[in-house]
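The values are calculated or read from the model by the stated rules, or taken from the named source; none is laboratory data. As the structure is a computational prediction, the values presented were derived from the model and not from experiment. Here the Cβ is made from the backbone with ideal geometry for all residues, glycine too, and neighbour counts use every protein chain on show. Note: accessible area is taken over every heavy atom of the protein model, side chains too, but ligands, DNA and RNA are not part of it. Shrake-Rupley method; radii C 1.70, N 1.55, O 1.52, S 1.80 Å.
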Amino acid sequence: MSSLTAALSEPYLQNALWGGIIVALLAAFVGYFVIARQAAFATHALSQIGFAGAAGAELLGIEPLIGLLVFAVLGALGLGVLGERSRSRDVVTALVLVCSLGTGALFLALERDYASNAFSLLFGSIVGVDRLQVLLTALAALCAIALLAAIARPLLFASVARAAAGAAGVPVFALDLIFLIVVALAAAVTVPIVGTLLVFSLTIGPSAAASRIATNPAATISLAAGLGIIAVVAGIMLAYATDWPVGFYVSLIAFVEYALARFARRRTQAIA
Amino acid sequence: MSAFFSSPSVDAALVASTIVAALSAAIGYFVVLRGLTFAGHAVTDIGLTGGAGALLVGLDPLFGLLAFSVGAAAAIGVFGERARERDLATGLVLSLALGVGALFLHLQTTFANAQTSLLFGSVFDADPALLRVVAILAALALAALAIMYRPLLFASVAPDAARSAGVPIRSVGYAFLLIMAVAVAETAQIVGVLISTALLVGPAATAIALVRDPLRGVALAMLIAIVEAWVSIALSFASFGWSAGAHSWPVSFFVAAIALVVYVGASAFRDGTAS
């Protein structure tokens, strides 16, 4: 126990925990709509698309975060605009994803030195988080959550009944684009800390579990936030204790949460 | 031009990419038709983790690749039986597999290099022995696809009608997932995840946008995939002097970019003729 207290007084661990908790909160809000819109594939793609941007920025000698943001927003616009005109959103998502990763491969081939830097983005480095990054992430998360809250009602309408929402005068295409850009920006600012893996796991795992149990949006988002925080705090502490990667623990815990929720739901249904 | 065809590594790349393209496009036609695009991509990433795990315990990566991709396909099938849940089920299985992959990466640092080459592909130095295994698996997968072609097409296009006509649509669905998992994992091992997904999805979606008849659609998808692969290899070969330093541009970049552009162009063409 004393070793736990000692660990918690380590500044880098405190930063990691705060960073993880902020990401889990943001992920609960984003995840709710990702599940309502069946956009898990787009979320997976948007969290990886930034990789090419970071690689390109290093090639040009500019700040990787700028490249990450530019590519993430371009990717979101690409998914939105091309997806609108295609019969299959998934086909567009797959092709935009491989195209941006292919561009990343091209940047890698042109300049070999920065590869390790760009690759650390795939997995993140939660132990290397400083106070400033935590504050910036908190600020970005606050903006993203405020934006989502502002458009929550029409977005939910458009997500569950697209045709009806369009007929009722809701600007469904504009909402598509805004939502994709929020997902992309949320991924872009959190990926450097926690890696694409954690963002993706935290966005869909706890929300999927919560949506199996809770029935109304507020309860689902709150439960998902709680489950996400449990996953990320437990994941970081386990990683600290065992030296295995945080991403492994978080994705495992998130998956177990979902499996348990699914099982619990089936049991209660069987009893009722 | 003659340097292109007399280079043995180009010959090997052309043979490998032709097998991969034909197999990917034929399987991909039904992947797109059945809305399994995300699953088809996820299986490659998951197979990669399995291959790395096999290396870690000293097994042939082929076993790990096949075991993980078939297991993932089964999990996606069980969790995502209802189409509405498939996107999420695929995401959850993928997320878990990526987490396990991160652990393998941590446990074995040499895996990082193996993963880079698997992710971006190394079509110019495909192992001939591996290529033979893949050629056999490709022939088996295409034969299985040909045998179940009619019920699979019926179940994919009109599942309710197929069910009432007595087609065992669940078994057909699982059989197809199994074939897809084996085929996609194998193509990913030769050409990498990027080319594998690009050739699985792009040519098939293009053919579906252009041609209504399924048999001609499958044939067109295979033709488009082979042409895209060959053009990409030629461009990669030609790109050697395009940029400073002795680097050529990666095949995966050309395949992915061409697949996207051709699909978007075909969709625009279809919309133009339809209106």
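Figures for the structure shown
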item	result
Sparsely packed trypsin sites (Lys or Arg not before Pro) within region B:173-275, loop by DSSP, other Cβ within 10 Å at most 11	B:Arg212
About the Cα centre, charge dipole magnitude for region A:131-272 (Lys/Arg +1, Asp/Glu -1 at Cβ), debye	420
Heavy-atom accessible area, 1.4 Å probe, ligands and nucleic acids excluded: residues of region B:159-204 down by at least 50 Å² from chain alone	B:Leu194
Rounded accessible area per residue of chain A, 1.4 Å, Å²	42
Relative contact order, percent, region B:204-251 [alpha-carbon distance under 8 Å, six or more residues apart]	24
Accessible area per residue, Å², chain B with all protein chains present, probe 1.4 Å	40
Note, ³J(HN,Hα) from phi for region A:94-108, Karplus 6.51, -1.76, 1.60, rounded to Hz, x at Gly and Pro	4, 6, 5, 4, 5, 5, 6, 5, x, 5, x, 4, 5, 4, 4
From phi via Karplus (6.51, -1.76, 1.60), per-residue ³J(HN,Hα) for region A:37-47 in Hz, x at Gly/Pro	9, 6, 10, 4, 5, 4, 5, 4, 5, 5, 6
Of B:Ser95, B:Ser196, B:Ser252, the one that fluctuates the most in a GNM where chain B has Cα springs shorter than 10 Å	B:Ser95
Solvent-accessible area lost in complex, 40 Å² minimum, residues of region A:61-99 relative to chain alone, 1.4 Å	A:Leu82, A:Arg85, A:Arg87, A:Asp90, A:Val91, A:Leu95, A:Val98, A:Cys99
GNM flexibility winner over chain A from A:Ala187, A:Ala158, A:Ala218 (Cα, springs under 10 Å)	A:Ala218
Exposure ranking of A:Ile62, A:Ile35, A:Ile236 by accessible area [1.4 Å probe, largest first]	A:Ile62, A:Ile35, A:Ile236
Region A:129-272, accessible surface, carbon-and-sulfur percent (1.4 angstrom probe)	73
Environment charge of B:Leu200, counting only residues whose C-beta is closer than 14 Å and scoring Lys/Arg +1, Asp/Glu -1	-3
Fraction of accessible area attributable to carbon and sulfur, chain B (%, probe 1.4 Å)	71
Candidates A:Thr93, A:Thr103, A:Thr215, ranked by Gaussian network fluctuation over chain A, Cα under 10 Å, top entry	A:Thr215
Hz values of 3J(HN,Hα) by residue in region A:230-237 - Karplus curve (6.51, -1.76, 1.60), Gly and Pro given as x	4, 4, 6, 5, 4, x, 5, 5
Accessible area that becomes buried as B packs against A, both chains, 1.4 Å probe, Å², nearest 100	4400
At least 27 Å along the helix axis (C-alpha) and Kyte average at least 1.0, DSSP helices within chain B	B:8-33, B:83-107, B:128-147, B:169-210, B:214-238, B:251-274
Gain on full stretching of the segment that runs from A:Leu8 to A:Ala219 - 0.36 nm per residue minus C-alpha separation	72.9 nm
